Each structure stands twice: as C-alpha cells, then as structure tokens.
Amino acid sequence: NYLPAQQVKPGKKGLTFTARFGEPSANDTNGIIPQVDIRQLQLKNWQLNATYEGYVKLDTDGLYEWYLNADDQAKFYLDDQLLLDISAPGTPEKNVLSVMRKGYHKVKVEFRNDQGGPWLELGLFRNGEKINLADRLYTRQ
C-alpha cells in the first residue's frame with residue numbers, strides 16, 4: 001500500500017528546528033534550516049538536543065529509501081510514524097524502504113548528543129539515486 005500524501009500548503013523552503021545545548025541556556029536557538037544538519041548550528045557544547053520538522057515534496061509515486069546515520073541518538077518519523085531509531089551510541093546507520101504517493105509527506109527528526117563529536121545525516125534515495133533533500137524540504141505555512 002502506498003503511503004498517501006498530506007494535504008498541506010507548503011511554507012518556506014527548509015525545515016523548522018529547535019536546538020538546546022546542555023542545560024537550558026541563552027545559547028538555545030530555533031529557526032529555519034535548509035536541511036537536517038547539525039554543522040550549521042555552530043556547536044559550542046557537545047551536549048545537544050535538536051528537533052527538525054517539515055515536509056518533503058515527492059514528484060512521483062514510488063519506492064523510496066530513507067537513510068539515517070547519527071552519533072549518539074536519533075529518530076526519524078514519516079507522516080507521524082517512527083521509521084528509524086538509532087538509540088545507542090555507536091549504532092550503525094539504518095535504512096528503510098517506503099512506498100509513497102507523490103505530494104507532501106511530514107518529516108521529523110529528533111537528535112541527541114551527550115558526548116564526543118556529534119554526527120547526523122538524513123538521506124533519501126529513489127532507484128539508487130540520492131535525492132537532494134535541500135531542494136525538496138518545506139516548512140508548513
């Protein structure tokens with residue numbers, strides 16, 4: 001069965017994000033970011049909790065592969081369903097196949113880093129070709 005598209009009106013390009021560094025502080029930040037990326041958050045502290053939310057626009061119906069790689073912990077949700085869960089540091093990357101209708105699908109990534117160098121990557125593939133998510137992500141209007 002195809003995962004149906006959401007009936008939403010897209011907003012700006014990118015995803016909304018919230019980032020909290022260590023204990024609540026003045027360094028906490030939020031806004032819009034082109035894609036799931038912690039490098040743009042200008043980390044001052046290894047302790048980080050970040051949430052990214054928005055919509056991905058797909059141009060065609062089909063089989064898609066989602067990829068998640070993170071250190072320490074991350075969860076990926078598609079249309080409010082948990083698809084990928086990296087719950088322990090050192091867990092290898094994970095991927096999942098999803099059959100989706102063209103249109104907008106809600107995406108959410110929750111990320112947590114407690115120590116050491118953080119890493120977070122979300123990818124999307126179709127027919128073995130990597131899709132540039134920065135061109136397909138939108139906030140909700």
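Observations, loosely collected:
- Potential extension, Gln141-Thr91 segment - 0.36 nm per residue separation minus Cα distance: 14.5 nm
- Taking the protein heavy atoms of the chain in the context of the full set of protein chains, the accessible area attributed to carbon and sulfur is 44 percent at 1.4 Å.
- Calculated P(r) tail over 27 Å for the chain, as whole % of Cα pairs: 19 percent
- As a calculated quantity, the FRET efficiency between Gln40 and Lys130 at R0 = 25 Å, using C-beta atoms, amounts to about 0.80.
- Count of Lys pairs (Cα-Cα under 12 Å; at least 8 positions apart or interchain) in the chain: 7
- Mean separation of Cα contacts under 8 Å (6+ apart) over length of segment 65-141, as relative contact order %: 37 percent
- Annotation: per residue accessible area for the chain equals 56 Å², rounded to a whole number [probe 1.4 Å, protein chains only].
- Just checking the listed ones, Thr16, Thr51, Thr60: in the Gaussian network model of the chain with Cα springs under 10 Å, the one fluctuating most is Thr60.
The values are calculated or read from the model by the stated rules, or taken from the named source; none is laboratory data. Here the structure is a predicted model, which is why all the values come from computation and not from measurement. No Cβ is skipped: glycine too gets one built from the backbone with ideal geometry, and neighbour counts run over all protein chains shown. Heavy atoms of the whole protein, side chains included, go into the accessibility calculation; ligands, DNA and RNA do not. Shrake-Rupley method; radii C 1.70, N 1.55, O 1.52, S 1.80 Å.
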